[in-house]
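Working notes, beginning with the structure itself.
The values are calculated or read from the model by the stated rules, or taken from the named source; none is laboratory data. Everything numeric in this text was worked out from a predicted model, so none of it was measured. With ideal geometry, Cβ positions are generated from the backbone for all residues, glycine too; neighbour counts draw on all protein chains shown. Side chains included, ligands, DNA and RNA excluded: accessible areas come from the protein's heavy atoms. Shrake-Rupley method; radii C 1.70, N 1.55, O 1.52, S 1.80 Å.
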Amino acid sequence: QGSLVCVGTGLNLAGQITVLSQSYIEHAEVVFTLMPDGFAERWVGRLNKDVRSLQPFYAQKGEVKNRRETYAQMVAAIVTQVYLGKKVVCALYGHPGVFACVGHMAVEQLQREGYRAQMEPGVSAEACLWADLGVDPASSGHQSFEASQFMYYQHAVSAAAYLVLWQIGLAGEHTLTKFHTTSDKLQVLVELLQQWYPLEHEIIIYEAATLPIQSPRIETLRLKDLPNARLTDISTLCIPPSEKLTLNHQALTQLGISADDFG
Ligand code: SAM
């Protein structure tokens, strides 16, 4: 019977994949890939003789295509090989199931149909972000959202914690057919964020290195300047806290302790 394992290849070429995930790729009968660039695709291509990129399912030059259709076609391509009895691996950059729906959709569909399907964790962009910024998110806690979803729905933000907005380069792109946001949409986001942060607050545009010879992009700017920032499809926005943590006196009283007790 066919099976599926979704693995993550990390962000930085060849070095951030787990030993287990690399072994799944090497022993698969068919490997589907979604990699950050041609270098990474070629690297996976050397690990297995049947490697098929999912990239062509994205809209090609001049074509208008909804990303929901793209994802459905990717899932269909993956599960079809499992139906044919193949041992399939889907290798996605980063963590295969973090802010990425294709792996989850394929695993869920196959499990529902009684096939063996699982996901292995990988090094996500956020894992790289904490390492490169030298921040332990435990220092204040953190919240992560997809930038558009953050704009479309009510979210309770704590300005005392880190806020990470994924896909900032697509913020408010509701048609799912374009691959970039606009300064007008980013201005709406700035106005939304003003509920919690001053316009002068320093924010960070982060891009992890995807090649060993690169350095990460860590660009600090003021919140008010976000609409004019250079954003790409790999940019992640990180907003450090603008406020200090405040004590929860009610919980402390219930615990029978004071701030001095936990330092
Ligand atoms: N599954 C991926 C992971 O685990 O990192 C995330 C995929 S999600 C569809 C794409 C978003 O991930 C980007 O818009 C960006 O927010 C983030 N991302 C991808 N590559 C990145 C990089 N090199 N540096 C920083 N963020 C990145």
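Closer than 29 Å to residue 183 by Cβ and either open to solvent by less than 40 Å² (accessible area, probe 1.4 Å) or free of Cβ contacts under 8 Å to residues at least 60 places away in the same chain (or both): does that describe residue 89? Explain how you work it out, then say what you get.
Numbers: closer than 29 Å to residue 183 by Cβ: no; either open to solvent by less than 40 Å² (accessible area, probe 1.4 Å) or free of Cβ contacts under 8 Å to residues at least 60 places away in the same chain (or both): yes.
So residue 89 does not fit the description; no.
To keep it simple, each residue is scored yes or no on (1) in contact (Cβ under 8 Å) with a residue 60 or more places away in the chain; (2) open to solvent by 60 Å² or more (accessible area, probe 1.4 Å); (3) within 22 Å of the chain's Cα centre (by Cα).
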| position | (1), (2), (3) |
| --- | --- |
| 197 | no, no, no |
| 207 | no, no, yes |
| 212 | yes, yes, yes |
| 217 | no, no, yes |
| 227 | no, no, yes |
| 231 | yes, no, yes |
| 241 | yes, no, yes |
| 246 | yes, yes, no |
| 255 | no, yes, no |
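Mind telling me which of the residues 148, 183 ends up being open to solvent by 50 Å² or more (accessible area, probe 1.4 Å) and of a type in the set (Gly, Ala, Ser)?
Values: 148 fails: open to solvent by 50 Å² or more (accessible area, probe 1.4 Å).
Among 148, 183, only 183 is open to solvent by 50 Å² or more (accessible area, probe 1.4 Å) and of a type in the set (Gly, Ala, Ser).
Would you check which residues across segment 227-246 are polar (S, T, N, Q) and within 16 Å of the ligand (Cβ to nearest atom) and list them? First the steps, then the outcome.
Our first condition is that a residue be polar (S, T, N, Q); within segment 227-246, this holds for 228, 232, 235-236, 242, 246.
Once the filter is applied, which keeps residues that are polar (S, T, N, Q) and within 16 Å of the ligand (Cβ to nearest atom), segment 227-246 yields 232, 235, 236.
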Tell me, please, whether a residue that is free of Cβ contacts under 8 Å to residues at least 12 places away in the same chain, more than 16 Å from the ligand (Cβ to nearest atom) and either in a helix (DSSP H, G or I) or crowded, with 22+ Cβ neighbours inside 10 Å (or both) can be found in segment 75-86.
yes
Of these, 98, 157, which one is open to solvent by less than 40 Å² (accessible area, probe 1.4 Å), closer than 30 Å to residue 190 by Cα, assigned to a loop (DSSP other than H, G, I, E, B) and not acidic (Asp, Glu)?
157
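Considering only segment 1-57, state which residues are assigned to a helix (DSSP H, G or I) and within 14 Å of residue 212 (Cα to Cα). Quick ask: steps written out before the conclusion?
Residues of segment 1-57 assigned to a helix (DSSP H, G or I): 19-27, 38-45, 55-57.
Passing the criteria: 39, 40, 43.
Can you name every residue in segment 122-137 that is away from the ligand (no atom under 12 Å from the Cβ) and either at pLDDT below 95 or in a helix (DSSP H, G or I) (or both)?
We begin by selecting, within segment 122-137, every residue away from the ligand (no atom under 12 Å from the Cβ); these are 134-137.
The one that is away from the ligand (no atom under 12 Å from the Cβ) and either at pLDDT below 95 or in a helix (DSSP H, G or I) (or both): 137.
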